[in-house]
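Below you'll find the structure, written out as structure tokens, and then a few comments.
Read the figures in this text as sums done on the coordinates, not as results from a lab. What you see is a predicted model; the values in this text were computed from it and never measured. Please note: Cβ atoms are built from the backbone with ideal geometry, for glycine as well, and neighbour counts cover all protein chains shown.
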Ligand code: COA
């Protein structure tokens with residue numbers, strides 16, 4: 001079976017998390033991804049190591065299905081190799097600090113001159129504006145993109161989330177931009193620049209909060225937020241704890257075992273169309289027709305009471321029992337699953353979302369596979385490359401002889 005991006009070559013100058021997420025996705029969709037690393041390698045090969053001297057899980061889990069070439073792109077000979085690689089590939093992806101590619105001597109104009117079809121895709125912390133020269137990491141983006149100010153409890157500080165929306169979220173945005181630019185190139189024959197700024201991507205993922213900012217301006221309150229009706233609203237969207245971000249109220253409730261198990265909880269949505277079933281399951285049949293509860297409008301001021309009654313029922317069930325019973329009645333809910341539970345989830349393993357990967361240095365490890373399933377482009381997850389594993393192979397492909405490769409090695413260019 002072919003794959004969606006067969007024939008597309010990616011010159012992968014990415015490091016750390018945001019860029020590698022993007023290029024790993026492209027590799028899973030079939031692109032040939034050539035990861036260029038300084039002779040010392042991507043810094044994450046050594047970060048958060050769990051086994052001495054072995055590529056870290058941080059690196060292996062973000063660099064599957066890629067080839068690795070080491071290259072000192074600041075040396076004269078290294079720049080010549082890079083020129084050939086620019087001519088050989090379709091897309092250059094980078095997430096250097098602002099200006100690094102220009103300082104390396106590979107400005108957009110120079111790349112265009114070398115290969116007018118090349119797409120140059122960048123992750124930066126910030127788009128044009130006062131912060132465009134600033135470096136950025138995951139949590140900086142979460143804070144600057146609106147996620148932290150809207151996450152947490154009303155009486156606590158802003159919180160960052162474990163979902164890597166700044167890094168991996170931006171990588172996803174960039175991958176989509178690259179695929180779109182490749183498609184446009186089929187008509188124009190020309191490359192273009194693609195930029196995904198981490199602040200913009202986080203804000204895009206937080207767009208419901210910008211919605212709420214405007215609703216707050218019009219109404220002075222947000223009636224599905226836990227601050228309503230007894231708390232205070234200021235001028236900015238407050239932290240909404242575990243309230244649902246949508247039109248159907250929801251929250252996290254305790255389940256059997258919560259006293260000892262930190263994940264014995266369930267997300268429960270009081271979806272209006274199944275109000276009657278909810279009342280029946282939790283034993284509050286009187287609420288089905290009680291005017292104080294029977295309409296979504298009436299319930300908004302009584303959500304505390306509603307969820308307390310739901311919890312009085314869920315606390316008698318494990319999260320899995322509650323999930324099964326509620327789904328029998330078409331009531332939307334979701335168990336709080338730990339990483340340990342997810343790692344052992346049979347269905348996730350069966351569909352390739354959790355995969356076991358063999359690595360020559362570390363043995364078998366678990367990874368998240370491709371979450372995007374294409375019926376005619378199936379992903380096989382291959383281990384990440386060792387540092388420089390494909391240097392000779394790639395240099396040979398772009399016309400270097402063994403003697404020339406030997407010379408590059410002796411001068412430490414590769
Ligand atoms: N050969 C020689 N030099 C190389 C090289 C290679 N193959 N690859 C990179 N370099 C050089 C760069 O040219 C740069 O040199 P310069 O600063 O003299 O111009 C240098 O290595 C370091 O660049 P970079 O890794 O970008 O800077 P950093 O380590 O100081 O910053 C980040 C790291 C992540 C903060 C920064 O890259 C950044 O802000 N990136 C954009 C946002 C982003 O993606 N952040 C999320 C990371 S998950």
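Here is how the numbers come out for the structure above:
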| item | result |
| --- | --- |
| On Cα atoms only, tilt of 18-28 relative to the major axis of the chain in degrees | 80 |
| Inter-part distance where the stretch 344-360 and the stretch 92-166 are each reduced to a Cα centre, Å | 31 |
| Helical contribution to [θ] at 222 nm, DSSP H n ≥ 4, -39,500 (n - 2.57), averaged over the chain, rounded to 500 | -10000 deg cm²/dmol |
| q = 0.16, 0.20, 0.24 Å⁻¹: log10 I(q)/I(0) that the Debye formula gives for the stretch 249-331, counting C-alpha atoms only | -0.56, -0.85, -1.17 |
| Relative contact order (%) - criterion: Cα under 8 Å, at least six apart; region: the chain | 19 |
| Model label zone, residue 341; criterion: amide N under 14 Å from point 7 Å along Cα-to-beta-carbon; scope the stretch 264-288 | 264-268 |
| Ranked 384, 107, 168, criterion: other C-beta atoms within 10 Å, fewest first | 107, 168, 384 |
| Dmax and Rg, reported as Rg then Dmax, of the stretch 212-252 (C-alpha, Å) | 9.6, 28 |
| Per-selection metrics, the stretch 132-249 (Cα): Rg and Dmax in Å | 17.5, 60 |
| Residue-span extension gain [residue 117 to residue 297] - 0.36 nm each, minus C-alpha spacing | 59.2 nm |
| Rounded tilt (10° steps) of 303-314 against the dominant C-alpha axis of the chain | 80 |
| Ratio of the Cα radius of gyration of the chain to 2.2 N^0.38 Å, where N counts its residues | 1.18 |
| Exposure proxy ranking, count of Cβ atoms within 10 Å, fewest first, for 93, 160, 76 | 76, 160, 93 |
| Centre separation in Å (Cα based) which lies between the stretch 36-85 and the stretch 260-308 | 53 |
| Label-point separation in nm, residue 87 to residue 232, each point 7 Å along Cα→Cβ | 6.8 |
| Residue order, fewest to most beta carbons within 10 Å, for 412, 38 | 412, 38 |
